[in-house]
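The values are calculated or read from the model by the stated rules, or taken from the named source; none is laboratory data. Computed from a prediction, not measured in an experiment: that's the story for all the values here. Cβ atoms come from the backbone with ideal geometry, glycine included; neighbour counts cover every protein chain shown.
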Amino acid sequence: MSVARVAVPIAARQSFDYWVPDGLPVLRGSVVRVGVGARTLVGVVVEMPRESEVDPTRLRPIVELVGDVAPVPEDVLRLATFAADYYGQPLGSILACAAPPVGAASRRSGVRGVTKPARAPAASAGASSAGASAASTGASSTESPAAPHPGWHDPGARVGGALNSEQQRAAHAVTETLGRFETFLLHGVTGSGKTETYLAAAAEAVARGGQVLLLVPEINLTPQLAARVAAAFGGTPVGVLHSRLAAGARRTTWRDAAEGRARIVLGTRLAVFAPLPWLGLIVVDEEHDDSYRQEEGVRYHARDLAIVRARERGVPVVLASATPSLESFHRAEVGAYRLLCLGARAVPGARPPSVRFVTNRGLAAGAVVAAPVLEAIGERLGRAEQSLVFVNRRGFSPSLLCHACGWAACCPHCTARLVLHRESRELRCHHCGFARRVAPACPTCGNQDLTPVGAGTQRLEEQLSERFPQARIARVDRDTTTRRGAFAAVAQRVSSGEIDILVGTQMLAKGHDFPRLTLVAVLGADNALYSADFRATERLFAQLVQVGGRAGRARLAGEVLIQTDFAEHPLFQALCAQDYQSFARTLLAERRAADLPPYSHLALLEAQGRSREDVERFLADAWRLAREAIAALGGRCECFPPSTPSLARRAGLERGHLLVQSASRRDLHALLRAWRPELEAQGARRVRWRVDVDPADLG
Ligand code: ADP
Ligand code: ZN
Ligand code: ZN
């Protein structure tokens, strides 16, 4: 009797053994349905052990081999195993991301045969430098699909002219390394031609018979980009993968990638697990973008996994950004990554936008937009040009105060203020979703004159429409774009000149080019300058470069106005000078002094429970266990005392943190491996916890 060890997506860290019914062609990587308790779950076979430790009479059979999806290839299994270990996640849950979504269960219970011979995964996905040689042999044996199907984009005519010499050098540096592992950091201002450059390298990889994995942030995966990529490859099929794609379409792209028909796979973070037997090159566009971090459910960082995968497969990986993450820039500075720089904007005559500062001082009470910004918008209206006003907060105002007694509207479930949404006459919590109607008077003192303090997108929209009643204004934030396609519809109206002023949050920062957009005004950026979050300034700089890049993309000159009380801040000065690198070095010096990443590696134990006492007791024990584990490992890691984040309570749960740190990734992981089982053994039933490896922030 043969036995299969199956990883299923449940919180348990171990896999379960099942017996394989006779004749069922189950292999390592097969996607199967198995019974777990009373449920039937989809899992992945991770091992075919010679025998089980479980008494054979107690083994349950595999319910079904899922026939409509290809098995998970060997290198993806290894990547998933790495990720499970590195991020401390159940392998089954990681594999649930790594396997395609499966169809409904076969109606017939029992065994179902595989209708079409599945490619033996171990043979096809040479998880090594064999990737390159497999590419040349594989190329001739695959053909284009007869008809396009959902998830595919029809390639148009090839666009993109000749590369300039700087771009050529960069593309050449990459194509020279095809067939071996190397990490490139492609850095250049927005519009310098990074996309054009990596597409040229990708075209070469495809021409040599390889497949290309192109990862983009969620919000950048626009039909325009898909069309541009398809066009750049002149007829080569592009498979598109993202979480909003219907399961059937995703399954199809998955199969096309596995069988080599999709030569380019363009996708968001989950595509890092796509099966690519002839993988030749990986590109991570906007590598600094936070959406590569999977935070819900299983946690992983797709950019970091892309690098791991490239090394495993022996292929080059290109990280592209106008504002690289400090981690990546640091790796380039120390020579671990090769830095490729594009200096100028690529379109002849296109100039970077000029940056000007406008003070907040002298604003009338309740007014949020300074006079020079209003003037600049007025000028654009006069010239039939467009303006973008950016504030990183939705709603009307982030707080509602009573000046008579000092009361502020707060969430009953979180340590947070409620945000005023005037359109719906509601106060809403942006952390837990709690909402209630705005009361006409202060609940403490009865004062009827409550003051909204601070500006959100709704307030901005209101003030702009009062000032420019004739202007056509559109607001873009999470509240206005919940409907599918709403964002694309606004973008379309901006493109066709039906909108004069666009008001919105960072959703607007990327993706689209609007040729008549010549003014970008930024409000409320100062909050991030003095934030407790250690990545706040890095993020703000990236965001401002991004939004600034929206201004003056075509022939018209662009202007960026920043309304701030801190125009002298080094961040704004660097923005003015278009000098990412010296600003990055300043930030790196600060990180070094504070012993923060990339100079140290962090893991954050996050705990939450109904009672503060339970959380504190759990963390006190965790702290002691960590110190014991560190001592047993001979030091080299540090563990800070438990702390309470500023959002001390969220959705009714008390929160507490414990930070562990080490100068060496390896030492930190040795500690985590020793510490986690101890934490699990605590059996603190009233406290939920998790360890966040490489946390985005410490809040
Ligand atoms: P990035 O990715 O750095 O923002 P893109 O690759 O999107 O830059 O290029 C910006 C614009 O410049 C695009 O419209 C692109 O077609 C154009 N472009 C890029 N390289 C060249 C070139 N060598 N000659 C002419 N136009 C170019
Ligand atoms: Zn009051
Ligand atoms: Zn709340």
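What is the residue count in segment 400-431 for residues that are without any contact (Cβ under 8 Å) to a residue 60 or more places away in the chain, at negative phi and in a loop (DSSP other than H, G, I, E, B)? Show your work before the answer.
Filtering segment 400-431 for residues without any contact (Cβ under 8 Å) to a residue 60 or more places away in the chain gives 400-412, 417-430.
Next cut, at negative phi only: 400-405, 407-412, 417-424, 426-430.
From the residues that got through so far, the ones that are in a loop (DSSP other than H, G, I, E, B) too are 403-405, 407, 409, 411-412, 418, 422-424, 429-430.
Looking only at that region, the number is 13.
Can you find a residue in segment 603-612 that is touching a residue at least 24 places away in the same chain (Cβ under 8 Å) and under 22 Å from Gln506 (Cβ atoms)?
Keep residues of segment 603-612 that are touching a residue at least 24 places away in the same chain (Cβ under 8 Å), which gives 603-612.
Filter once more, so that each one left must be under 22 Å from Gln506 (Cβ atoms): none.
No - not one qualifying residue is present in segment 603-612.
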What residue, of Arg383, Arg394, Arg356, Arg417, is in contact with a Pro (Cβ under 9 Å, 6 or more places away or on another chain), among the basic types (Lys, Arg) and either over 15 Å from Val520 (Cβ atoms) or within 16 Å of ligand 3 (Cβ to nearest atom) (or both)? Arg417
State the number of residues belonging to segment 498-529 that are in contact with a strand residue (DSSP E or B) (Cβ under 8 Å, 6 or more places away or on another chain), at pLDDT 85 or above and of a type in the set (Gly, Ala, Ser). 4
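Could you pull out the residue among Ser531, Ser496 that is closer than 20 Å to Gln224 by Cα, free of Cβ contacts under 8 Å to residues at least 24 places away in the same chain, away from ligand 1 (no atom under 16 Å from the Cβ) and hydroxyl-bearing (Ser, Thr, Tyr)?
Values: Ser531 fails: closer than 20 Å to Gln224 by Cα.
Only one candidate qualifies: Ser496.
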Determine if segment 54-75 includes at least one residue that is polar (S, T, N, Q), modelled with pLDDT under 95, over 30 Å from Arg309 (Cα atoms) and assigned to a helix (DSSP H, G or I). yes
Go through (1) free of Cβ contacts under 8 Å to residues at least 12 places away in the same chain; (2) under 19 Å from Arg475 (Cα atoms) for Gly382 and report which single condition fails. (2)
Ala486: more than 27 Å from Ala371 (Cα to Cα) and either more than 16 Å from ligand 1 (Cβ to nearest atom) or crowded, with 19+ Cβ neighbours inside 10 Å (or both), yes or no? yes
Mind listing whichever residues of segment 375-393 are surrounded by fewer than 16 Cβ atoms within 10 Å (Cβ to Cβ) and either assigned to a helix (DSSP H, G or I) or not basic (Lys, Arg) (or both)? Glu375, Gly378, Glu379, Gly382, Ala384
Do we find a residue being within 16 Å of ligand 3 (Cβ to nearest atom), out of contact with any Phe, Trp or Tyr (no Cβ under 6 Å at 6 or more places or on another chain) and either of a type outside the set (Lys, Arg) or part of a strand (DSSP E or B) (or both) anywhere in segment 655-666? yes
Out of all the residues in segment 313-335, which are of a type in the set (A, V, I, L, M, F, W, C) and at pLDDT 95 or above? Val315, Val317, Val318, Leu319, Ala320, Leu326, Phe329, Ala332, Val334
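If you take the residues of segment 633-658 that are of a type in the set (Gly, Ala, Ser) and at pLDDT 95 or above, which of them is nearest to Leu605 (Cα to Cα)? Even if it seems obvious, please write down each step before you answer.
Here is the first cut: in segment 633-658, the ones of a type in the set (Gly, Ala, Ser) are 634-635, 643, 646, 648, 651-652, 656.
Then keep just the ones that are at pLDDT 95 or above; that gives 643, 648, 651-652, 656.
On the way: Ser643: 10, Ala648: 15, Ala651: 19, Gly652: 19, Gly656: 8 Å.
Going through the qualifying residues, I end up with Gly656.
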For the structure I just gave you, tell me whether Gln573 is over 24 Å from Ser192 (Cβ atoms) and of a type outside the set (D, E, K, R). no
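Rundown of residues vs (1) at pLDDT below 95; (2) away from ligand 3 (no atom under 16 Å from the Cβ); (3) of a type in the set (Gly, Ala, Ser); (4) part of a loop (DSSP other than H, G, I, E, B), yes/no style:
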position: Ala170; (1), (2), (3), (4): no, yes, yes, no
position: Thr175; (1), (2), (3), (4): no, yes, no, no
position: Gly179; (1), (2), (3), (4): no, yes, yes, yes
position: Leu185; (1), (2), (3), (4): no, yes, no, no
position: Gly191; (1), (2), (3), (4): yes, yes, yes, yes
position: Thr195; (1), (2), (3), (4): yes, yes, no, no
position: Leu213; (1), (2), (3), (4): no, yes, no, no
Go through Ala271, Ala205, Ala258 for me and flag whichever is of a type outside the set (Asp, Glu), farther than 30 Å from Ala542 by Cβ and away from ligand 1 (no atom under 16 Å from the Cβ). Ala258
Tally, over segment 399-425, of residues that are closer than 20 Å to Gly366 by Cβ and away from ligand 2 (no atom under 16 Å from the Cβ): 5
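Considering every residue within segment 64-73, establish whether at least one is more than 28 Å from Val272 (Cβ to Cβ) and more than 32 Å from the chain's Cα centre (by Cα).
If we filter segment 64-73 for residues that are more than 28 Å from Val272 (Cβ to Cβ), which is where we start, we get none.
Looking through segment 64-73, none of the residues is more than 28 Å from Val272 (Cβ to Cβ) and more than 32 Å from the chain's Cα centre (by Cα).
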Counting only residues that are small (Gly, Ala, Ser) and either touching a His at 6+ places or on another chain (Cβ under 9 Å) or more than 13 Å from ligand 1 (Cβ to nearest atom) (or both), how many does segment 168-199 have? 2
Can you tell which of Arg417, Arg394 is away from ligand 1 (no atom under 16 Å from the Cβ), among the charged types (D, E, K, R), at pLDDT 95 or above and closer than 23 Å to Val369 by Cβ? Arg417
Just checking, which of Gln573, Gln608, Gln661 is at pLDDT below 95 and surrounded by 14 or more Cβ atoms within 10 Å (Cβ to Cβ)? Gln573
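Among the candidates Gln492, Gln448, Gln463, which residue alone is within 16 Å of ligand 2 (Cβ to nearest atom) and either crowded, with 20+ Cβ neighbours inside 10 Å or among the polar types (S, T, N, Q) (or both)? Steps first, answer last, please.
On the way: Gln492 fails: within 16 Å of ligand 2 (Cβ to nearest atom); Gln463 fails: within 16 Å of ligand 2 (Cβ to nearest atom).
Answer to the check: Gln448.
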Given the criteria acidic (Asp, Glu) and either within 16 Å of ligand 2 (Cβ to nearest atom) or touching a His at 6+ places or on another chain (Cβ under 9 Å) (or both), does Asp500 qualify? no
If I ask for residues that are exposed (fewer than 13 other Cβ atoms within 10 Å of the Cβ) and either under 16 Å from Phe396 (Cα atoms) or touching a residue at least 12 places away in the same chain (Cβ under 8 Å) (or both), which ones from segment 434-445 would you list? Arg437, Ala439, Pro443, Thr444, Cys445
